[in-house]
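Okay, structure first, notes after.
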Amino acid sequence: LQPPEKEGGLPRHVGNKTECALLGLLLDLKRDYQDVRNEIPEEDLYKVYTFNSVRKSMSTVLKNSDGSFRIFSKGASEIVLKKCFKILSANGEPKVFRPRDRDDIVKTVIEPMASEGLRTICLAFRDFPAGEPEPEWDNENDIVTGLTCIAVVGIEDPVRPEVPDAIKKCQRAGITVRMVTGDNINTARAIALKCGILNPGEDFLCLEGKDFNRRIRNEKGEIEQERIDKIWPKLRVLARSSPTDKHTLVKGIIDSTVFDQRQVVAVTGDGTNDGPALKKADVGFAMGIAGTDVAKEASDIILTDDNFTSIVKAVMWGRNVYDSISKFLQFQLTVNVVAVIVAFTGACITQDSPLKAVQMLWVNLIMDTLASLALATEPPTEALLLRKPYGRNKPLISRTMMKNILGHAFYQLVVVFTLLFAGEKIFDIDSGRNAPLHAPPSEHYTIVFNTFVMMQLFNEINARKIHGERNVFEGIFNNAIFCSIVLGTFVVQIIIVQFGGKPFSCSELSVEQWLWSIFLGMGTLLWGQLISTIPTSRLKFLKEAGHGTQKEEIPEEELAEDVEEIDHAERELRRGQILWFRGLNRIQTQIRVVNAFRSSLYEGLEKPETRSSIHNFMTHPEFRIEDSEPHIPLIDDTDAEDDAPTKRNSSPPPSPNRNNNAVDSGIHLTTDKNKSATSSSPGSPLHSLETSL
């Protein structure tokens, strides 16, 4: 315990909250725990049974000066009470503690405390007299029994004021929050109600670990996915759970097929026992302050402040990054479509591209570097939490984005081609279409270039919204980088047009021509409002792009539950085997060609068998390539010609014998892949080579 930050405040807790609460109780009893620590230092502790999530208790053995031993134990109240046969009375005298008395304490003390959100801890001890033989300390079950109950205490772990609001934001964002804890089910339910995980009137489930296991296992004790699928959608609180239960729940949700799309699971944890669940989850959050090194190593993100609100911030930033990429793609693809069509069509019709090489470099600079900085630096807002999460296989370019890309590209192409083929009449200037090769820059093509850039500048503002929002200016001044880039690009464009001259193929424009260019550029904003009024659902012909891998696109053998991912070493080994068999195929094909040539060359003559060559070696009886016809796997689809229905004259690839050995900790799975030798004749060169492979 550390002194309070403010005078009159509560002391600061550093370390385990339960331990700190018990130390605070000692201080309230006018006993300084530091004196006890000085009297009995840690190295004098005779035996320590550390906390175990299965027995949910911990014990410490002290050796007294007279040779006797005393064990102190604390843990979950209803579990430790079952090991107590005596209880201290008000005056400190032990008395018999019968099962009926234990039931009374559970009903009158533990359950009322738990219903108020208190974590109940039972404190107990046991004495081992000096005259008796020293117990077998390794047998914990025989040691931690026959205890004398000292007291049952209630510890409140208050909910932070900001947590209920953060959970509401998660629920509004389409994220279901579940509590998995080792606390009493009544305590867990009370805390869940305070946090907003449970709401009165909702159809939900609160289960204990043993009840959860009973429901998900069949008569043989095996976990069935169908049973898990009946429970997890309504499950909100899992109390008195073990690390295995947490891992089972995470895996069951990930493997579930209740919904069309696979669920994305995030897990928070701070203890070593949380490692398997953190590793199995799609996203693992470890506590930076209270978290152990094992939990931090198994996690993907570390919360430096141990605050649930940081998870909400992580969700906001994750969605913001996804949206920023989509915004940039929408803007870039619009520019690409227009620039490519204008350059290609203009060059084909007028024999000269309306957009010169240096101008295209400037457009590419706007399109790539500056646009990515402008659109990717949008700060996250609360509005990101007002919609459901993106699906795991949702396309990066949605139908709404495709509508915007094609719609704005259509407007820009109409404007550019109108200026290209009728601009000289509109502005009463000389045409630049049939200008000589080395003619000075024309006003005509300069207006085309300037209007094109202005449309990109204003379309960059349109690209800030990708979900059909109408107010594209919302929050624009919160992003100073965006405003600076747009303003800077406009200033540089003025300099290029007015002072660029021949290097930029630009001619000075009048104020009227500038105003027309800006007006046509601003037209993209008005056109964007018109596009937003068109319902995307009506445009059935629009396609999405950037899909993730669909389940039906994955080969069936990769979907098998008992088949694990091949590591890089095995992949390289298989690649070597495949290349080896292909080499044999090619050699065999060459042998056929040579034999055919030799048969025609030596027709009617005796074949020179005395000559030593690779062909004689390859036709040795021990090296019969013709004996087998295996199916040779391909590395990629480009080798389809190797799958022609010709005879395979090579030995079959070794079939891996998989022995899946699960690591006891559950953090990851390892697979021993023992390669069996192929069925070639022993002693042959092929046999030795295949065995080495």
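The values are calculated or read from the model by the stated rules, or taken from the named source; none is laboratory data. As the structure is a computational prediction, the values presented were derived from the model and not from experiment. With ideal geometry, Cβ positions are generated from the backbone for all residues, glycine too; neighbour counts draw on all protein chains shown. Ligands, DNA and RNA are stripped out before the accessible areas are found, and what is left, the full protein with its side chains, is counted by its heavy atoms. Shrake-Rupley method; radii C 1.70, N 1.55, O 1.52, S 1.80 Å.
May I ask you to list the lysines whose Cα is less than 26 Å away from that of Lys502, ignoring any residue fewer than eight positions away on the same chain? Within the straight-line limit of under 26 Å, Lys502 reaches these lysines: Lys356, Lys425. Of Val492, Val80, the order by accessible heavy-atom surface (1.4 Å probe, DNA, RNA and ligands excluded), from most exposed downward, is Val492, Val80. Note on surface exposure: Phe69, Phe259 rank Phe259, Phe69 by accessible area, highest first, 1.4 Å probe. Projected label points at Val54 and Trp137, each 7 Å from Cα along the beta carbon direction, are separated by 2.1 nanometres. Ligands, DNA and RNA aside, Val340 has an accessible area near 90 Å² when probed at 1.4 Å. Of the residues Val159, Val265, ranked by 1.4 Å probe accessible area with the largest first, the sequence reads Val159, Val265.
Once the Cβ-Cβ distance between Gln34 and Thr145 is put in as r, and R0 is 45 Å, what FRET efficiency do you end up with, to the nearest 0.05?
On the way: r = 32 Å, r/R0 = 0.71.
The calculated FRET efficiency here is 0.90.
When only Cα pairs below 8 angstrom with a gap of at least 6 residues are kept, the stretch 40-156 shows a relative contact order of 28 percent. As an exercise, use a Förster radius of 51 Å and the Cβ-Cβ distance of Trp317 and Asp101 to find the FRET efficiency, rounded to the nearest 0.05. With a Förster radius of 51 Å, E is 0.40. The alpha-carbon of Lys74 sits under 25 angstrom from the alpha-carbons of these lysines, leaving out residues fewer than 8 places away in its chain: Lys17, Lys30, Lys47, Lys56, Lys63, Lys82, Lys83, Lys86, Lys95, Lys107, Lys210, Lys246. Between amide H atoms placed 1.01 Å from N, distances below 5 Å from Cys84 occur with Leu147, all of them 5 or more places distant or on a separate chain. Annotation: amide H-H contacts under 5 Å for Met179 (H modelled 1.01 Å from N, sequence separation of 5 or more, or interchain): Val237, Leu238.
The figure for Lys82 is an accessible area of roughly 140 square angstrom, using a 1.4 Å probe on the protein chains alone. Using a probe of 1.4 Å on the protein chains alone, the accessible area found for Thr418 is around 60 Å². Inter-label distance, Ile495 to Ser537: 5.1 nm, where each label sits 7 Å from its Cα along the C-beta direction.
What number do you get for the stretch 433-489 when its Cα radius of gyration is normalised by 2.2 N^0.38 Å, N = residues?
That works out to 1.63 for the stretch 433-489.
Quick one: length gained pulling Leu384 to Ala130 fully straight, 0.36 nm per residue minus the C-alpha distance? Numbers along the way, then the final one.
On the way: separation 254, 0.36 × 254 = 91.44 nm, distance 6.82 nm.
Length difference between fully extended and current span is 84.6 nm.
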